[in-house]
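First comes the structure, then the notes that go with it.
The values are calculated or read from the model by the stated rules, or taken from the named source; none is laboratory data. Bear in mind the structure is a predicted one, so any value in this text is a computation, not a measurement. Please note: Cβ atoms are built from the backbone with ideal geometry, for glycine as well, and neighbour counts cover all protein chains shown.
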Amino acid sequence: MGSIKTLNDLVHKETIMDNLFSDFPLSLTNKVAGTILVFLSGIVLYLDQILRLFNISSSYTFGFSSFSNFLWAFTQSVAPLLLIIASYFKPYKIIFLVPIYCYGLQLLWTFGASHSDDPYGYFFALGFSISFFLIIFLFKKTLIFFKERRSKEKDEFVENTKDVIEILKSRLLEESK
């Protein structure tokens, strides 16, 4: 009978996916590791520029016009993956300014490479980052406001329902006398 699985065993069996997507225990080490990964997810976007600064290049272009272009395209794919991994470590939220700032610069670059080298581009990216955080902050405050309002309305409804039940009880008791 040991080999026969019950429905309960099948339903409550922990899968590999459950283990993969479960949160890590919240600790300072995990928060710091996550914070470093978030930081790297922003900085890795400029790996091509960093390597160019140190005159590091390669003849392997993997079909791109240059190694620098390959590296840029590759890091555009790797950076979001680093962010996803980092989110499981519960990083300090302020560090998200780094990748948001870097993506703000990337966004500006898509409208022309000359814009990203312009000193005003850095102010644009900073303004983009601050605006992004303000939008998230306001969205979160709005959600909290509506949640509290709904909770308050629910509590009022429960109290009113109790009052109605008490009134109906008292009327029933009076009528039965």
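Tabulated data
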{"item": "Residue in segment 25-35 that is surrounded by 14 or more Cβ atoms within 10 Å (Cβ to Cβ), within 22 Å of Phe132 (Cα to Cα) and modelled with pLDDT of 80 or more present", "result": "yes"}
{"item": "Flag for Leu45 being crowded, with 18+ Cβ neighbours inside 10 Å, touching an Asp or Glu at 6+ places or on another chain (Cβ under 8 Å) and assigned to a helix (DSSP H, G or I)", "result": "no"}
{"item": "Filtered residues of segment 64-104 (kept if in a helix (DSSP H, G or I) and touching a residue at least 60 places away in the same chain (Cβ under 8 Å))", "result": "Ile95, Val98, Pro99, Cys102, Tyr103"}
{"item": "Residue match in segment 120-130 (condition: polar (S, T, N, Q) and out of contact with any Leu (no Cβ under 6 Å at 6 or more places or on another chain))", "result": "no"}
{"item": "Filter pass, Lys141 being exposed (fewer than 14 other Cβ atoms within 10 Å of the Cβ), in a helix (DSSP H, G or I) and under 17 Å from the mean Cα position of the chain (by Cα)", "result": "yes"}
{"item": "Qualifying residue in segment 29-40 (condition: assigned to a helix (DSSP H, G or I), aromatic (Phe, Trp, Tyr) and in contact with a Ser or Thr (Cβ under 8 Å, 6 or more places away or on another chain))", "result": "no"}
